[in-house]
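Peer 1: Right, I'll just put the structure down here and ask away after.
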Amino acid sequence: QVQLVESGGGLVQPGGSLRLSCAASGSSFSSYTMGWYRQAPGKQRELVAGVTTRGDTNYADSVKGRFTISRDNTKNTMFLQMNSLKPEDTAVYYCNSRFLARDYWGQGTQVTVSS
């Protein structure tokens, strides 16, 4: 089955930047629809950004213009570049993969934006 591992989270000041990575197992990465979700304390898990096998992207309104999703099929890795971070971005960020109508999830990585 597909296994996903997130990395790159940490503590950053407001206005700072972080880049999250998601490494996927297997040899069919280019066939996966990929996305980033996040869950803040007291809130439901929400979609942050997604990228299709065709390279089409979509973003939540709250991060549009600040975050950029991308993928490198030669390295089986997806990225989330996070700029101009706000305290409201504080959450656990999860990597998601969809393949053959089945969802796979990583363990999550903590992002904390605070002074």
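The values are calculated or read from the model by the stated rules, or taken from the named source; none is laboratory data. Values in this document were obtained by computation on a predicted structure and should not be read as measured data. We place every Cβ from the backbone using ideal geometry, glycine too, and count neighbours over all the protein chains shown. Just so you know, the surface numbers come from the protein's heavy atoms only, side chains and all, with ligands and any DNA or RNA stripped out. Shrake-Rupley method; radii C 1.70, N 1.55, O 1.52, S 1.80 Å.
Peer 1: VAL2: surrounded by 17 or more Cβ atoms within 10 Å (Cβ to Cβ), of a type in the set (A, V, I, L, M, F, W, C) and closer than 15 Å to GLY106 by Cβ, yes or no?
Peer 2: yes
Peer 1: When the residues of the range 16-31 are narrowed to those that are modelled with pLDDT of 95 or more and not in a strand (DSSP E or B), which ends up nearest to the chain's Cα centre (by Cα)?
Peer 2: Step by step, filter the range 16-31, then rank; the result is SER17.
Peer 1: Moving to a separate point now. In this structure, does GLY35 turn out to be at pLDDT 95 or above and not acidic (Asp, Glu)?
Peer 2: yes
Peer 1: Which numbered condition trips up THR90, out of (1) open to solvent by 60 Å² or more (accessible area, probe 1.4 Å); (2) out of contact with any helix residue (DSSP H, G or I) (no Cβ under 9 Å at 6 or more places or on another chain); (3) polar (S, T, N, Q)?
Peer 2: (1)
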